[in-house]
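All remarks here apply to the structure that follows.
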There are 2 protein chains.
Amino acid sequence: MNKILLAHGGGGALTDKLIKEEILKRLGNSLLTPLEDSAVFNIGNKRLAFTTDSFVVKPLFFPGGDIGKLSVCGTVNDLSVAGAIPLYLSLSLIIEEGFSVEKLQKIILSIEETTKEAGVFVVTGDTKVVEKGGADEIFINTSGIGVIEYESPLSLSRAKEGDKIIINGYVADHGISVLLQRSGMEVDLPVHSDVAPLNGLVRDILNSSKYIRCLKDPTRGGVAGALNEIATSSSAGIIIFEENLPIRKEVKAACNLLGFDPFTIANEGKVIVICPEEEAEKVLSAMRRNSLGRLSVIIGEVVNTNNGKVLVKTPIGGMRILERPYGENFPRIC
Amino acid sequence: MNKILLAHGGGGALTDKLIKEEILKRLGNSLLTPLEDSAVFNIGNKRLAFTTDSFVVKPLFFPGGDIGKLSVCGTVNDLSVAGAIPLYLSLSLIIEEGFSVEKLQKIILSIEETTKEAGVFVVTGDTKVVEKGGADEIFINTSGIGVIEYESPLSLSRAKEGDKIIINGYVADHGISVLLQRSGMEVDLPVHSDVAPLNGLVRDILNSSKYIRCLKDPTRGGVAGALNEIATSSSAGIIIFEENLPIRKEVKAACNLLGFDPFTIANEGKVIVICPEEEAEKVLSAMRRNSLGRLSVIIGEVVNTNNGKVLVKTPIGGMRILERPYGENFPRIC
């Protein structure tokens, strides 16, 4: 390998390889190396979470959202799944010369609305402009800081045999809506991105049980990527019941048409919850009372066989291995 | 204005206008609106600083440094001038498809060396890849968190009549070395970027006096930009003695040749210190004992006339107004 490939940015196995071989080898430390969604550390008497994400989504505006909303939700959600209450965001813009000020205004308005919805503040920022052709319209980085009050540690490595796996609703809406928008396909599908700040829903989840093991937002790499990360980190097996996975029929149809596995498609308003079996009903009820969790459902469980693997039980009773995506289905989804 | 111009990214008056009109109007709050180098807030029993910077420097490698070193120093220095001890950095890469893995390795090595020099840790990250032509090689964002132990508040708004203005050495080395490298001009000038982590020097400054008013790194917009920000924020006048400003004769020659005012050229290893007159000698001695401050010198003072203006007293005794740069001399300097 001597050139970076698009697939290195897919959030799958190839991204993982790049990060491990080129970045962790030199920069690894006890906070970075676990590759959780946020770094978690104590400063003074508080436990903090710190995370960063750059957004290069194309097109900038898509049904259900835009790069501004995405850039707030992405970081709010990465803090949330670390069990943190998101407080402060940074906002850094890289803008291509000639970019429309009207588009910038729409993006900033969207950031304003989303920060208000999430109850967070942009407190520091940076603006760079590169010459025409030096970037594609606009890239946004947000980093964020949150405070963790939840006592039990949340980690991708804590899934245990018997645990239930819950998701808060329809999968694959984000990836499919961006893809359809980008393709310019004249499809009349009412598919909108699910992009949403999940901190309120996560607060409800954490208030419902003291024993949550792990939260994970299945973004790049989709549910398949997230579950494989958990199975690997926890050295556990995971079984998913395909018929339980909530998916809109339009999205399923689009996936079939385009040859995509909906398990691998990015979500931006979903959270996977892993909790002990005896906590599952309490957690589910709490989630269903939140408007972003009305369709919450148990989609699978953690098992003590096939460690490190994710298996899908099909409606007719067969089993297939759900691989971690290697590269990506399509770039620039977030 | 309906298009973003390169000059909007120059860190001068036009950047300021863009930020105030398009960003602060919607996202402004008590932490963001002062536009200091870092946001400063309390969490628990600690006072924290939080900052972000995206780096788009071209070329990626230049005499004295590269985008990796720059991306660590930029954020370490922004935290340092807030009076913070830098602790943790995030690292987010936007890479163009086809980028050389060998170049990436050199950049990551440089990040490793610089984080070690500065005593900070990269604790969270993100990697995105965009298609060929979608970005120019690589852009890096770093954000950072530091802890403030210094009791007196440091702020651009605290300069007072009689205060002395100190700088730690030669100006304009960074901007000129990047520019010469980019131009491919066959000039045989021994000019290297001054890029360096300033947290050690700042620690020595803060240990030397309890009464420092303000620290500021004169990056984009140079010394002219930094001093104008201070004069405006403090509603004070500033007088600079041109003959005291340390500048290498090669750099001065290059500026003369190219028609640049060295006061407006970016630095990446310089700090401007404003302190009461009676503290200045103590501060200077402490600075001169640090290898990055050996050439520290008083370059001017704060006055109670010409509020909001920066005046330069020329060697022959004339006075000229030093304007805040409007756009920028050349883009992509950091």
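Things to note:
- Per-residue average of Cβ from other chains inside 10 Å of A:111-121: 2
- Sorted shortest first, the distances from the residue B:243 label point to those of the same residue in the other copies are 9.2 nm; each point sits 7 Å from Cα along Cα-to-Cβ.
- Projected-area average for the range A:38-148 over all orientations - Cα convex hull basis, square nanometres: 7.0 nm²
- Three-way shape label, the range A:164-321, alpha-carbon gyration tensor, a/c 1.5: oblate
- Ordering B:316, A:293, A:153 by the projection of their Cα atoms onto the charge dipole of the protein assembly as shown, which places +1 on the Cβ of Lys and Arg and -1 on the Cβ of Asp and Glu, puts A:153 at the extreme positive end.
- Remark: relative contact order (the range A:164-321) = 43 percent; criterion is Cα-Cα distance under 8 angstrom and separation of 6 or more residues.
- Between the range B:129-185 and the range A:93-115, the Cα center-to-center distance that results, in Å: 24 Å
- Global form of chain A, assessed from the alpha-carbon gyration tensor, a/c cut-off 1.5: rounded
- Look at the stretch A:93-100: the mean tally of other chain Cβ atoms within 10 Å of its residues' Cβ atoms is 5.
- Considering only B:225, B:251, B:215, the residue lying farthest towards the positive end of the dipole of the range B:164-321 is B:215, judged by Cα position with unit charges set on Cβ.
- Förster-model FRET efficiency, 41 Å R0, residue B:295 and residue B:257, C-beta, rounded to 0.05: 0.95
- Relative contact order of the range B:1-140, pairs being alpha-carbon contacts under 8 Å that are 6 or more residues apart, as %: 23 percent
- Mean Cα-pair separation over length for chain A, i.e. relative contact order, pairs under 8 Å, 6 or more apart, %: 25 percent
- Signed unit charges on C-beta, dipole axis of the protein assembly as shown, positive-most listed residue B:24, B:56, B:6: B:24
- In a reduced charge model with +1 at each Lys and Arg Cβ and -1 at each Asp and Glu Cβ, the range B:191-236 shows a dipole moment near 160 debye about its Cα centre.
- With R₀ fixed at 41 Å, the C-beta to C-beta distance from residue A:100 to residue B:61 puts the FRET efficiency at about 0.80.
- 18 Å cut-off, amide nitrogen to a point 7 angstrom out along residue B:131 Cα→Cβ, residues in the range B:91-122: B:95-99
- Measuring between alpha carbons in the structure, the pairs from B:160/B:210; A:69/A:160; A:25/B:69 lying more than 26 angstrom apart are A:69/A:160.
- Two-decimal Rg/Rh across the protein assembly as shown, once Rg and the Kirkwood Rh are taken from alpha-carbon atoms: 1.00
- Value at 222 nm in deg cm²/dmol, rounded to 500, when DSSP H runs of n ≥ 4 in chain B each add -39,500 (n - 2.57): -8500 deg cm²/dmol
- Cα centre as origin, Lys/Arg/Asp/Glu Cβ charges: the range A:164-321 dipole, Debye: 240 debye
- Centre-to-centre, using Cα atoms only, the range A:1-75 and the range B:200-236 are separated by 33 Å.
- Approximate spin-label separation residue A:2-residue A:45, in nm, with each point projected 7 Å along Cα-to-Cβ: 5.9 nm
- Among the listed pairs A:252/A:313; B:103/B:132; A:58/B:20, those whose Cα-Cα separation exceeds 19 Å are A:58/B:20.
- Gyration tensor verdict on the range B:1-85 (Cα atoms; rounded if a/c is under 1.5, prolate if a/b is larger than b/c, oblate otherwise): oblate
No value in this document is a laboratory result; all are computed from the given coordinates. It should be emphasised that the depicted structure is a prediction, and the values quoted were computed from it without experimental measurement. All Cβ positions, even for glycine, are placed from backbone atoms using ideal geometry, and neighbour counts span all protein chains on display.
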